[in-house]
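Working notes, structure below.
All of the numbers you see were taken from the coordinates with simple rules; none came from a lab. Just so we're clear, the structure is a prediction, and the values are computed from it rather than from any experiment. Quick reminder, even Gly has a Cβ in these numbers, built from the backbone with ideal geometry, and neighbours come from all protein chains shown.
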Amino acid sequence: MGGDLKNYFEAVKAGQKPLSFGLRRPDEYLLFGDISYQIELGYCDLKKLSSLHGIDLLDILEPVISQWRRIGLVKLLDVCLYLTTAGEFWAVNLAQILISYLQEDR
């Protein structure tokens with residue numbers, strides 16, 4: 001369509017979807033959204049997300065999680081991460097690090 005209003009209306013009248021371009025999201029898009037959402041709430045249920053998305057998150061993310069546990073950003077209970085007060089301060093960064101780490105692992 002290229003931003004041309006005339007072509008837009010012609011496409012609609014012809015029963016076509018007036019799209020200029022499309023975007024394919026990565027297969028892990030929903031997983032990344034779930035991680036961000038949960039971290040924002042102060043936790044990340046790795047067991048549930050692993051089951052839901054068919055990936056062993058604890059195994060993949062173990063090096064990052066171990067480091068965060070050592071410096072007091074998270075606690076791990078029953079395969080669920082819980083952010084400490086310090087972790088809550090860095091929540092946005094933690095979510096992005098998890099997502100970036102998963103993207104590198106692929």
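Tabulated values for the structure
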read-out: Top-ranked residue in segment 1-50 [being among the polar types (S, T, N, Q) and exposed (fewer than 13 other Cβ atoms within 10 Å of the Cβ); ranked as nearest to TRP90 (Cα to Cα)]; value: SER20
read-out: Residue in segment 74-82 that is in a helix (DSSP H, G or I) and touching a residue at least 24 places away in the same chain (Cβ under 8 Å) present; value: no
read-out: Failed criterion for ASP45 (all others in (1) touching a helix residue (DSSP H, G or I) at 6+ places or on another chain (Cβ under 7 Å); (2) farther than 19 Å from LEU77 by Cβ hold); value: (2)
read-out: Test: residue in segment 50-59 that is without any contact (Cβ under 8 Å) to a residue 12 or more places away in the chain and in contact with a Phe, Trp or Tyr (Cβ under 7 Å, 6 or more places away or on another chain); value: no
read-out: Members of segment 83-106 that are farther than 18 Å from GLU28 by Cβ and either assigned to a strand (DSSP E or B) or of a type outside the set (Phe, Trp, Tyr) (or both); value: LEU83, THR84, THR85, ALA86, GLY87, GLU88, ALA91, VAL92, ASN93
read-out: Residues of segment 29-81 that turn out to be among the polar types (S, T, N, Q) and under 18 Å from SER100 (Cβ atoms), as a count; value: 4
read-out: Residue count, segment 51-65 (criterion: surrounded by 10 or more Cβ atoms within 10 Å (Cβ to Cβ) and farther than 20 Å from LEU77 by Cβ); value: 2
read-out: Filter pass, SER36 being within 18 Å of GLU104 (Cβ to Cβ), in contact (Cβ under 8 Å) with a residue 12 or more places away in the chain and polar (S, T, N, Q); value: yes
read-out: Answer from ARG25, ARG70 - the residue that is basic (Lys, Arg) and either over 30 Å from ASP4 (Cβ atoms) or touching a Lys or Arg at 6+ places or on another chain (Cβ under 9 Å) (or both); value: ARG70
